[in-house]
Amino acid sequence: MLHELFTPSVQHALDLVGIFVFAISGALLAVRKNFDVFGIAVLAEVTALGGGLFRDLIIGAVPPAAFSDLGYFITPLLAAVLVFFLHPEVERTQNAVNVFDAAGLGLFCVTGTTKAYDYGLGLTSSAALGLATAVGGGVLRDILANEVPSLLRWDRDLYAVPAIVGATIVALCIRFDTLNAATSGTAIITAFLLRLAAMRYHWRAPRAWNRRSATAEEG
Amino acid sequence: MLHELFTPSVQHALDLVGIFVFAISGALLAVRKNFDVFGIAVLAEVTALGGGLFRDLIIGAVPPAAFSDLGYFITPLLAAVLVFFLHPEVERTQNAVNVFDAAGLGLFCVTGTTKAYDYGLGLTSSAALGLATAVGGGVLRDILANEVPSLLRWDRDLYAVPAIVGATIVALCIRFDTLNAATSGTAIITAFLLRLAAMRYHWRAPRAWNRRSATAEEG
Amino acid sequence: MLHELFTPSVQHALDLVGIFVFAISGALLAVRKNFDVFGIAVLAEVTALGGGLFRDLIIGAVPPAAFSDLGYFITPLLAAVLVFFLHPEVERTQNAVNVFDAAGLGLFCVTGTTKAYDYGLGLTSSAALGLATAVGGGVLRDILANEVPSLLRWDRDLYAVPAIVGATIVALCIRFDTLNAATSGTAIITAFLLRLAAMRYHWRAPRAWNRRSATAEEG
């Protein structure tokens, strides 16, 4: 790693927190879809690890971190067990889950971008992979649940844009050789706050120009 | 390969049998979904080879076996041709197909785990990949057919658990250095019989605690 | 590269044209599904680059061309912007889009087969990957849009067969050591014209033998 943004143990702890909250969102969707305990575990794993898995396959980091770090694999199972037994309570804390999810989004867009750059990708591609790391798990979750990915739907609060902003800040910091724990932290917090604001004020992205919602099939 | 469980020709013949029966299940779903002959072939290929393909990408075994062994590629096409011409007869032998599918499940969870370990993964990750090898093709089949993966649905007989048991036996045997043709065969047969029993007695996995089926969207 | 079919700049220009028209088809589907501007961009990227990405992961060409060539990444974004502002006009030129799409199909089945062979795959596997390169993006597009892949549906004009023919011609040319710009061009044009004819005359692939459409769920 060229870029040790934080001490390894801090980095690892942050990763596990992000993985845990993403896994919660997957497990909750599985409960809503009436999946069995095994489906809950699968959706937790896929949501938490899918984005990083995709990134690692693209950059050739095999086996991916999801399969070489036992903590990454166990954490979503813990989230699945928690949701299995306590899902009404977890649902009731949906706001808290959303806040953590926003933190995971901010964290993963930054670490994803940095890791991709460390493996030799260009700045634009690294930022794109940072975005994919942050949102990929959620897309796989929705595909497995046979739903239109919430990422793509116009009637959901902005999710990708905060990650794009975070990844772009990192790419710019790398470009101008100012990437360090402080600037990375700034990028994480910016993405995090943007996502919180998007949820608070229901910011949405525009649909195609002159689009009327008459033909809405999914919206 | 550290682990030559069986003679290569026996291993290869077993693989082809497993691929064939998985391909039958994919082709039958394609017929039910009213796909054309090409869709039948695609679903046969994906169901038969998808799990192993995923495993090989994760462990960095490129090109994957599916693309380096011509027999692996041709076998699903034969299954597709068979189903194309004889699907009512094949459907009528669904019970026989299910038995073979259970055999494929047992075989692939064992060989998948072994291959992953041979490529340097830890025991837990190897068992997880063994499971993914066994069930991955079916998940991809259902995604392509635009259905909720039958693996995740609570109203289907246990499918993952037999594969988890088989993969776990293999991992334990590796751990205690007792993996050989006899113990591998035991793992295969255990998973196979568990799956047969799950179908015979309609064993199902529980849904989330306190879950009432009132909100069932998919169930 | 063993096979420099065309001068690099010609090859690159052709690739960008194919990527652009594939991206248009993805962006148009996103508009029809009522996705927001970000969903339009994602579907454009996935449709344009998905097939080549899959091929590159299989043959171990990491990072894939989609992430190492900035032009490949930017082109779909341009297509997305175009569709975002002008989608009624673009829809009206659907026939022109279809013609370009057919050209992309012909081009990608040929270059995909050649690249796979260059990376050491056998002839049959190379042709299969050439096909996957040409049609893979469209399949991913439909999965993300939560639709049955149009590739698999019996009620759509032949799409895979032209690509199979093109890929097979290339494989035969390699086999008989006659692959050059002229024979490659012939393969591209053959696939292109076959696809145009399939659209013009509504050629379709047969469904399973004795299949009556009574049970049609998707057809």
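The values are calculated or read from the model by the stated rules, or taken from the named source; none is laboratory data. Worth saying up front: this structure is predicted, and the values here are computed from it rather than measured. Heads up, the Cβs are rebuilt from the backbone with ideal geometry, glycines too, and the neighbour counts pull from every protein chain shown. We work out accessible area using only protein heavy atoms, side chains counted, and drop any ligands, DNA or RNA first. Shrake-Rupley method; radii C 1.70, N 1.55, O 1.52, S 1.80 Å.
Where does each of B:185-193, A:39-47 land if you order them by average Cβ count within 10 Å, highest first?
A:39-47, B:185-193
Residues of C:25-32, mean number of Cβ from any other protein chain within 10 Å of their own Cβ, rounded to a whole number?
Going residue by residue through C:25-32 and averaging, the value is 2.
Below 23 Å, Cα to Cα, which lysines can A:LYS33 reach? Residues fewer than 8 away in the same chain don't count.
Those lysines meeting the cut-off are B:LYS33, C:LYS33.
At B:ALA96, with labels set 7 Å past Cα in the Cβ direction, how many nm apart are the copies from this one, shortest first?
Taking the point 7 Å beyond Cα along Cα→Cβ, the inter-copy spacings are 5.7, 5.7 nm.
Treating the beta-carbon of each Lys and Arg as +1 and of each Asp and Glu as -1, no other charges, what is the dipole magnitude of chain C about its Cα centre, to the nearest 20 debye?
Charge dipole of chain C: 680 debye, to the nearest 20.
So what are the ³J(HN,Hα) numbers for segment A:169-184, from phi and the Karplus equation (6.51, -1.76, 1.60; θ = phi - 60°), rounded to whole Hz, Gly and Pro as x?
Ordered by residue, 3J(HN,Hα) equals 4, 4, 4, 5, 4, 4, 4, 9, 6, 10, 7, 8, 4, 5, 5, 4 Hz.
Got a number for the accessible area of C:TYR159? Probe 1.4 Å, square angstrom, nearest 10.
50 Å²
Please work out whether the protein assembly as shown counts as rounded, prolate or oblate from its C-alpha gyration tensor, where a ≥ b ≥ c are the square roots of the eigenvalues and a/c under 1.5 means rounded, while otherwise a/b larger than b/c means prolate and anything else oblate?
rounded
Does segment C:68-219 come out rounded, prolate or oblate by the C-alpha gyration tensor, with a ≥ b ≥ c the root eigenvalues, rounded set by a/c under 1.5 and, if not, prolate when a/b is larger than b/c and oblate if not?
Here segment C:68-219 falls in the oblate category.
What does the accessible area per residue of chain B come to in Å², with a 1.4 Å probe and no ligands, DNA or RNA counted?
Counting only protein heavy atoms, the per-residue value for chain B is 40 Å².
If we hang a label 7 Å off Cα along the beta carbon direction at B:LEU172, how far is it from the matching labels on the other copies, in nm, shortest first?
Nearest first, the other copies' label points are 5.7, 5.7 nm away.
Could you work out what % of the accessible surface of chain C is carbon and sulfur, using a 1.4 angstrom probe and leaving DNA, RNA and ligands out of the count?
65 percent
Checking an interface number: how much accessible area is buried between C and A, summed over both chains, with a 1.4 Å probe, in Å² rounded to 100?
For chain C against chain A, roughly 2700 Å² becomes buried.
Given C:LEU49, B:PHE22, C:VAL17, which one lies farthest toward the positive end of the charge dipole of the protein assembly as shown, if we put +1 on the Cβ of every Lys and Arg and -1 on the Cβ of every Asp and Glu?
It is B:PHE22.
At what distance in nm do the modelled label points of A:ASN98 and B:TYR201 sit from each other, each positioned 7 Å from its Cα along Cα→Cβ?
Taking the simple label geometry, A:ASN98 and B:TYR201 are separated by 4.6 nm.
Would you list which aspartates and glutamates come within 19 Å of C:LYS115, measuring only between C-alpha atoms, while excluding same-chain residues fewer than 8 positions from it?
Within the straight-line limit of under 19 Å, C:LYS115 reaches these aspartates and glutamates: B:ASP69, C:GLU4, C:ASP15, C:ASP56, C:ASP69, C:ASP177.
Over all alpha-carbon pairs of segment C:118-175, lay out the pair-distance distribution in 5 Å bins, whole %, shortest bin first.
Result, from short to long distances: 4, 19, 24, 21, 15, 11, 6, 1 percent.
Not counting ligands, DNA or RNA, and with a 1.4 Å probe, what is A:TYR119's accessible surface area in Å² rounded to the nearest 10?
For A:TYR119, solvent-accessible area is about 100 Å².
To the nearest 20 debye, what is the magnitude of the charge dipole of the protein assembly as shown about its Cα centre, counting +1 on the Cβ of each Lys and Arg and -1 on the Cβ of each Asp and Glu?
1260 debye
What nm distances, shortest first, do you get from the label point of B:GLY120 to those in the other copies when the point sits 7 angstrom along Cα to Cβ?
Ordered by distance, the counterparts are at 1.6, 1.6 nm.
Tell me, what ³J(HN,Hα) does each residue in segment B:128-137 have, in order and in whole Hz, if you take phi through Karplus 6.51 cos²θ - 1.76 cosθ + 1.60 with θ = phi - 60° and put x for Gly and Pro?
4, 6, x, 4, 4, 4, 6, 9, x, x
I'd like the accessible area for B:PHE85, computed on protein heavy atoms only with a 1.4 Å probe and all protein chains in place. Round to 10 Å², please.
Taking all protein chains as shown, B:PHE85 has close to 90 Å².
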